[in-house]
1. Residues of region 462-492 with backbone nitrogen within less than 17 Å of a virtual label 7 Å along the Cα-to-Cβ line of Val221, please, listed as ranges.
2. Based on the mean of other beta carbon atoms within 10 Å per residue, what is the order of 256-268, 471-483, most packed first?
3. When only C-alpha pairs under 8 Å and at least 6 residues apart count, what is the relative contact order of region 2-225, in percent?
4. What is the mean projected area of the alpha carbon convex hull for the chain, to one decimal in square nanometres?
5. Any idea what angle helix 103-120 forms with the longest principal axis of the chain, computed on alpha-carbon atoms, 0 to 90 degrees, nearest 10?
6. Can you pull the one-decimal nm distance between simple spin-label points at Lys178 and Arg140, each 7 Å off the Cα toward Cβ?
7. Give the Rg (one decimal place) followed by the Dmax (whole number) of region 254-358, computed from C-alpha coordinates and expressed in Å.
8. Karplus couplings for region 155-162 from phi (6.51 cos²θ - 1.76 cosθ + 1.60, θ = phi - 60°), rounded to Hz, Gly and Pro as x?
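None of the figures in this text is laboratory data; all of them are computed from the coordinates on show. Treat the numbers as computed from the prediction; the structure is a model and nothing was measured. In this analysis, Cβ positions are derived from the backbone assuming ideal geometry, glycine residues included, and neighbour counts consider all displayed protein chains.
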Amino acid sequence: MVQGTGSGAGKSLVAAALCRLFRNAGYRVAPFKSQNMALNSYVTAESGEIGRAQALQAEAAGIPPSVYHNPILLKSEGASGSQVVVMGEPFKTMTASEYYKNKELFWPYVVSAWEELNSQYDIVVIEGAGSPAEINLTAREIVNMAVARLASAPVLLVGDIDKGGVFASLYGTAALLKDDAKLIKGFIINKFRGDVNILIPGNEMIHNLTGIPVIGVIPYVSGIGLEEEDGLALGSHLTVGDKTCAGLKITVLRLNYISNFTDFHALSCEPGVELVYSLRDNDILSSDLVIIPGTKNTVKDLLYLKETGVSDSLSKAVSQGIPVMGMCGGYQMLGKRILDPDMIESQHREVSGLGFLETETVFEPSKVTLRVTANKTGGIPFIDGEFGNLDCYEIHMGQTTGGNIFEVRAGDRTYHDGMSCGSVWGTYLHGVFDNDSFRAALLDGLRAKRGLKQTGTGINYKKLRDSAIERWSSTVAKFLDMDFIYSLLSVKHISIQK
């Protein structure tokens, strides 16, 4: 089990690396995180919603993502609490105190999901959440040491040295855990910059103080090529991708409740594409494409755009012919009105949208989570030609009128999605940019608008991701004592060549 001294220590990517290393060694391996809190989510083949990090770990393990990999998902909705998703299905919105008072409701799902995976796989790589040393939650948590005890799992504790105070974090965590500290079998120091020899005295001292060895120091690796866990990584303004002056600039609005920003990771991997997360007027008006992303609270983010004047910048962009695209909640904002008669998402029964599209959205109690395929049937600004079937998914509350640019198939059902008007268009289809043919057509359309040379092709995103997982896993294997890790497992010992 991989736990961390705090959020952002790197445990998700360390767990993903271990999934790939065990798979490459010939084992049947699966990821497991009993409870995740994230606004980046993924829809599985069962049409269930899980954390995006567990989908990445399943990808590393070479298996389809499943609701068993993340039985409890918490999606923050701000002051009202979090939407609790259980085995892929929305349960209810609960405050933190309500959630922790109801451990008995959720623990059985954790146990059953763990037992299902444990019965099918040789190795299950378990990820914790936050810090196991949050002593105010010790009796009620269902994701850290409670799961380690359930699974009799040896724990590797990851500390982020880039934040500073890593030895204090490792020592303090072990000290506060008391009896559970015996489950920690090794420390991992992550994101180290510099000469590792400088750390050796500290590694020896922390071993002497706790009885727990440091089993690896992983260097700081920039540009891993894999998406971050949550929106905290974006900050208030972030630029990623290729910043060549002759390339394209795409700005994604950095909403307060931004969700599924992983939708745009493939764009940042394309040569000649600069991807900016920002709300700045100059970024919006200097872009080749502006994207309003998904959000866990469409109404609050919409009102914020209006209050801060970002909506005025968008109006200027549209008047100048700059393409504006809305994804999911962003698509809802583009319309004339958003109606919430049962006040499902906010205290506003009706708000005016941005008014760029002739659509209207009505929020409903039921949530749509679907794996779908789609093909283009109508006009999308600056995209010419066909690009075949698209593999996508939907996650949204509410329904939007209209639908003229995609024909969508979900099982035996066929319907239409998305709308365009002038340089503005929107869709509910998450993952559309992960499709190489669609992304290439979009980028070439934007290049043609700018008078830039069209490429006709782009990256193979699936192959690029797999290569990134391999490179990252090789790095982790190089700097961790994998022989020690195998000695903790009840599987055949395989010596790892450094």
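1. Those under the cut-off are 463-483.
2. My ranking of the peptides, most packed first, is 256-268, 471-483.
3. Working: 441 pairs, mean separation 47.4, N = 224.
It comes to 21 percent, rounded to a whole number.
4. One quarter of the hull surface, i.e. the mean projection, equals 23.2 nm².
5. Roughly 80 degrees between the two axes.
6. According to this spin-label approximation, the distance is 1.8 nm.
7. 13.8, 46
8. Result, rounded to whole Hz: 10, 10, 9, 9, x, 9, 6, 5.
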